[in-house]
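The values are calculated or read from the model by the stated rules, or taken from the named source; none is laboratory data. Here the structure is a predicted model, which means the values were calculated and not measured. Virtual Cβ from ideal backbone geometry, glycine too; neighbours counted across all protein chains shown. Protein only, heavy atoms only, side chains kept; ligands, DNA and RNA dropped before computing areas. Shrake-Rupley method; radii C 1.70, N 1.55, O 1.52, S 1.80 Å.
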Amino acid sequence: MPNRKKKKKGAANPEARKHSGKIARWFGNSRSTWICVVGVAVAAAYAFFLYSYFVLPFGVRWRALYGDPTYPVGYEIHGIDISHHQGKIDWVKLSRAMVDRTYLAFVMVKATEGADYLDECFDENFEKAKEEGFIRGAYHYWSTLSSAREQAYFFLDKVKLQPGDLPPVLDVEAKPENMTDEDFQMEILAWLHIVEDRYHKRPIIYTYYKFKEAYLSDERFDDYPYWIAHYYVPEVQYKGKWKFWQHTDVGRLPGIKGYVDLDIYNGSYYDLEQLTLKEEDFFVPEIELSDSVDYALNDSIAQEPEEMLD
């Protein structure tokens, strides 16, 4: 019987072994490559998401926070608006503060919110603003939780304006979801009319420009002075008439710890003074006794039934 060499179990053709090794190496390298590609794609998508939804929208705010301060060009009258968020203010330092190499001219002070909240710093801030020679104003923050009448009378009860102060300010930034645009506008007009009846001067409306265009673009609001909020832009995009522009919420000034809103007035200092309340705005004509008696008599006669007048 011929002597045959037995093949070892598992032995393979050298060429086949070589070929299968190449396939294994290729498959292994290919899988690593795909893992790398997928990883890079996921990382790129994540970076794009972060940039689109977090960095890009707030990029201008970051520049305002950490870059060199920039101010609207072409305006000379600067001011600020404040509330309890600014904490204790050093009014002596603030009176010497400058914005774009110009002293502050006016200060808007938060007074009330809704129908039952008085800003804890209002009384002091409002008094100090006058003592330091600023033209001052007081604003009411509109609430969707109470009626226009309640809010208007609460504001009038807590805020006592004087000649030389700016007209009352209504800060409105929200509309109740369950209220139609027309009903909402009627509520705003009710507040404005009640307060105007007290001071005989149109109140100032504060809001951001998109809200104005969405809900307060009706011609019934056109005659009210408009204080627009539009941050971190070189120019106001709102095309209508406006008096004040709140151009940033990250201003820095001596006397105030933390950030403060910066504003400009669209006009001269003389124009700003002309906007303020005057002595005659507080004048209520006195009715002489004889006149009041005649008026009462005429009024009572007017209410008598027709048969009693025969």
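Quick rundown of the values:
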| item | result |
| --- | --- |
| Single condition residue 165 does not satisfy, out of (1) part of a loop (DSSP other than H, G, I, E, B); (2) out of contact with any Gly (no Cβ under 7 Å at 6 or more places or on another chain) | (2) |
| Residue list for the stretch 100-118, filter: part of a loop (DSSP other than H, G, I, E, B) and open to solvent by 10 Å² or more (accessible area, probe 1.4 Å) | 100, 101, 115, 116 |
| Only one of 100, 119, 90 that is closer than 16 Å to residue 169 by Cα and acidic (Asp, Glu) | 119 |
| In the stretch 191-204, the residues that are surrounded by 15 or more Cβ atoms within 10 Å (Cβ to Cβ) and more than 22 Å from the chain's Cα centre (by Cα) | 194, 196, 198, 199, 201 |
| Neighbours by Cβ (under 6 Å, 6+ apart or cross-chain): first from the stretch 124-153, more than 13 Å from residue 110 (Cβ to Cβ) and open to solvent by less than 10 Å² (accessible area, probe 1.4 Å); second among the acidic types (Asp, Glu) and assigned to a helix (DSSP H, G or I) | 148/187 |
| One residue from 268, 292 being out of contact with any Phe, Trp or Tyr (no Cβ under 8 Å at 6 or more places or on another chain), modelled with pLDDT of 95 or more and open to solvent by 30 Å² or more (accessible area, probe 1.4 Å) | 268 |
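Quick grid of which residues meet (1) modelled with pLDDT under 95; (2) open to solvent by 20 Å² or more (accessible area, probe 1.4 Å); (3) closer than 23 Å to residue 225 by Cα; (4) outside any strand (DSSP E or B):
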position	(1), (2), (3), (4)
52	yes, yes, no, yes
64	yes, yes, no, yes
73	yes, yes, yes, yes
120	no, yes, no, yes
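This table checks each residue for (1) more than 22 Å from residue 105 (Cβ to Cβ); (2) open to solvent by less than 70 Å² (accessible area, probe 1.4 Å); (3) modelled with pLDDT under 95; (4) of a type outside the set (Val, Ile, Thr).
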{"residue": "214", "(1), (2), (3), (4)": "yes, yes, yes, yes"}
{"residue": "224", "(1), (2), (3), (4)": "no, yes, no, yes"}
{"residue": "227", "(1), (2), (3), (4)": "no, yes, no, yes"}
{"residue": "239", "(1), (2), (3), (4)": "yes, no, yes, yes"}
{"residue": "243", "(1), (2), (3), (4)": "no, no, no, yes"}
{"residue": "246", "(1), (2), (3), (4)": "no, yes, no, yes"}
